[in-house]
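The values are calculated or read from the model by the stated rules, or taken from the named source; none is laboratory data. Because the structure is a prediction, the values reported are computed rather than measured. Cβ placement follows ideal geometry from the backbone for every residue including glycine, while neighbour counts extend to all protein chains displayed. Protein only, heavy atoms only, side chains kept; ligands, DNA and RNA dropped before computing areas. Shrake-Rupley method; radii C 1.70, N 1.55, O 1.52, S 1.80 Å.
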Amino acid sequence: LISSSLQHLIFIKQSLNEKIWTDGGIHTYKIYDKRTNKTNISNRLLSKSNEFFYDLREKWYSENVKIIPSDIKIDKTTLLIWYLGDGCILQNNKKKITSGIKLCTNSFKEKDIENILLPQLSKYHAHIMLTETNLPIIIIPRRYCDEFLKDIGEAPFEDYMHKWNIFPKKKKNIEKNG
């Protein structure tokens, strides 16, 4: 697992039971990018092969193709870890408008997202949107962002607190709009 946030990897390691992370630990690397003339930090959570990860690989990579297991159950912890790693707020900072939350699902089949994930996210009225490159992602509309963030709890560490900073809903002027 790779993240620029060391706090993120520590949280994942603790959340998923430290016992499965045999002998690997977290390693920090500095990587120089000659295009930007900057040195970036990359943190990696490593583990030697073990039965736990072998079983997960068998479940998620049927015939070496990434799939969504049909028996997956999405709970609040799963949503939190998913949002931390592959989610973000969709917003326009200039206009101070939040339009929704995005959960990336780019490597999954659209049919599997519709049949397995969306039913479990129905309370948020989640739907599929195709990216510019025709890859499916899940969108939670603005009116359900507060409920989603409340359900997954507060930001578990400081590095990703920005993922909870949504703009307040705009109040419509009833007199002006009728």
Next on the checklist: Just to be sure before I move on: is S4 touching a residue at least 12 places away in the same chain (Cβ under 8 Å), small (G, A, S) and out of contact with any Ser or Thr (no Cβ under 9 Å at 6 or more places or on another chain) in the structure I sent?
Outcome noted: no
Checklist entry - Within segment 45-53, is even one residue open to solvent by less than 80 Å² (accessible area, probe 1.4 Å), in contact (Cβ under 8 Å) with a residue 60 or more places away in the chain and assigned to a strand (DSSP E or B)? => result no
Checklist entry - Given S107, S99, S70, which one is loosely packed, with under 10 Cβ neighbours inside 10 Å, of a type in the set (S, T, Y) and within 26 Å of H125 (Cα to Cα)? => result S70
Next on the checklist: Being closer than 23 Å to M129 by Cβ and in contact with a strand residue (DSSP E or B) (Cβ under 9 Å, 6 or more places away or on another chain) narrows it down to one residue among K94, K102, K38; which is it?
Outcome noted: K102
Checklist outcome for this item: Taking segment 124-155 and keeping only residues that are closer than 25 Å to S15 by Cα and surrounded by fewer than 15 Cβ atoms within 10 Å (Cβ to Cβ), one is left with D146, E147, K150, D151, G153, E154
Item to check | E51 being of a type in the set (D, E), out of contact with any Lys or Arg (no Cβ under 7 Å at 6 or more places or on another chain) and at positive phi | outcome: no
Checklist entry - Just wondering, is there one or more residues in segment 46-55 that are of a type outside the set (D, E, K, R), in contact with a Gly (Cβ under 8 Å, 6 or more places away or on another chain) and at pLDDT below 85? => result yes
Checklist entry - Would you pick out the residues in segment 73-94 that are exposed (fewer than 11 other Cβ atoms within 10 Å of the Cβ) and not charged (D, E, K, R)? => result N92, N93
Checklist entry - Looking only at residues in segment 15-31 that are surrounded by 10 or more Cβ atoms within 10 Å (Cβ to Cβ) and at pLDDT 85 or above, which one is farthest from L45 (Cα to Cα)? => result Y29
